[in-house]
Amino acid sequence: MYKRWLGGISGISAAKKIALEEQVGGAKEIYYMNKSKLEKIKFLTQNECEILEQYQKKNPKEEQEKQIEKGISFVSFRQEEYPSRLRNIYQAPYGLFYRGRLPEEDKCAVAIVGARVCSEYGRNVAKQIGYVLGKMEVELISGMAAGIDGAAQWGALRAQGKTYGILGCGVDVCYPKQNQDLYERIPQSGGIISEYCPKTTPRPIFFPNRNRIISGMADIVLIVEARKKSGSLITADFALEQGKEIYAVPGRVGDKLSEGTNRLIQQGAGIFTSVQEMLQNVKKLTVQDGNAAKKTGKTLEKLERLVYSCVDLTPRSLETLMENTGLPLGELITILNTLREMGCISEVYKNYFVRTEIEV
């Protein structure tokens, strides 16, 4: 209840919410803090203290009941249900409001994004890829926007697959309006997700922020069509920072909708040439995620899966893993040692770990 209240506060960054909750003991304690105590928190500005005071006037229980009536759930950063892929990104959201469900941890996820005003060719490509991924039971992440995003998500739904729409507004607000049917269908098998409080209306500044969540929730990011300057390229930038696999559909030279994707390929993104090639990459990634269990013949426990998901093929420090998992040092070291014994990870040099490549 109180975590949901804290998650709904606008004007205070996710990082500060996480730090504040950690410092004072929890969201409930924050709700009951008086002005003098708030002002003693060094990293809070005067304006942020005033924002908290205003939100303290709200009734958390009443707000929660209203949201539950609308079918809106909430998960915070410190809860086990929070998507592990997101813990691993810069500026991870404090919490997520959602209708339907969250992505499954053990499934491969592909994000497909592209131009809102797209070509018919681009629309068909996105729809076809979404359909095949749905048949493969690969989860599809996108922004539910007009054009490429919506086409890919419709493709997944028609294959009875699961797709997740990440919004730049509250989950009880359908944007764009023309995607009302898609908005209603997605939660039946997947989910509508946002870091913004219900009733929040869409604003231009919200969309670049939500793009980090789209890429953060995915293993692979595919750009179908994009102009030279577009939100899709912002998603690609986030994906690059997050160490995700990036692919782009090549387009005709001189076509405005191909300028962004062709530039990405020039800069080193993978070239998407066929659905079959994409499926091979997805298959490889899916096998890799499950290779620990296949090699050892046993299933990883929940906390072991959490730690394993935060280790990558590039070295991750012990400090980074502590930050991303939220686990105490002693418990984290114990789990890392277990994963090493199972052959899932290796320590490449002192306190730096990588996933172990396993042939299957």
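The values are calculated or read from the model by the stated rules, or taken from the named source; none is laboratory data. Keep in mind that this is a model prediction, so the values were computed, not measured. Ideal geometry is used to build each Cβ from the backbone, glycine not excepted, and the neighbour counts take in all protein chains shown. The accessibility values were calculated without ligands, DNA or RNA, using every heavy atom of the protein model including side chains. Shrake-Rupley method; radii C 1.70, N 1.55, O 1.52, S 1.80 Å.
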Query raised in the report: Of the accessible area of the chain, with the probe set at 1.4 angstrom, what percent is carbon plus sulfur?
Result: 49 percent
Query raised in the report: What size of dipole, in debye to the nearest 20, comes out for the range 1-98 about its Cα centre when the only charges are +1 on Lys and Arg C-beta atoms and -1 on Asp and Glu C-beta atoms?
Result: 100 debye
Report task. Starting from the Cα of SER189, step 7 Å toward the Cβ, then list every residue of the range 113-132 with an amide N under 18 Å from that point. Result -> 126-132
Report summary line: For the chain, the dipole about the Cα centre with charges only on Cβ (Lys and Arg +1, Asp and Glu -1), to the nearest 20 debye, works out at 680 debye
Report task. At 7 Å along the Cα-to-beta-carbon direction for both LYS256 and GLN91, put a label point, then send me their distance in nm to one decimal. Result -> 2.8 nm
Query - Contour excess over end-to-end distance, with Cα ends at ILE271 and ASP237 and 0.36 nm allotted per residue - result: 10.6 nm
Requested in this report: Would you mind checking which residues have amide H under 5 Å from ASP312's amide H? H placed 1.01 Å from N; only 5 or more apart, or other chain.
Outcome: ARG355
Report summary line: Note on the chain: alpha-carbon gyration tensor, axes a ≥ b ≥ c; rule is a/c under 1.5 for rounded, else prolate if a/b larger than b/c, else oblate; result oblate
Requested in this report: Would you mind telling me which residue in VAL117, VAL132, VAL253 has the biggest mean-square fluctuation in a Gaussian network model of the chain, where springs connect alpha carbons within a distance under 10 angstrom?
Outcome: VAL253
Requested in this report: Excluding residues on the same chain fewer than 8 positions from LYS57, give the lysines whose Cα lies under 30 Å from its Cα.
Outcome: LYS3, LYS16, LYS17, LYS28, LYS35, LYS37, LYS40, LYS42, LYS66, LYS70, LYS199
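Within 10 Å, count the other beta carbons around each residue, average over each peptide in 223-234, 315-326, and list them highest first.
223-234, 315-326
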Report task. Place a label point 7 angstrom from the Cα of LYS58 along the Cα-to-Cβ direction, then list the residues of the range 167-192 whose backbone nitrogen is under 19 Å away. Result -> 167-174
Query - Extension gain, LYS350 back to VAL24 (0.36 nm per residue minus Cα-Cα distance, nm) - result: 114.0 nm
Report summary line: For the chain, the per residue accessible area (1.4 Å probe, Å²) is 49 Å²
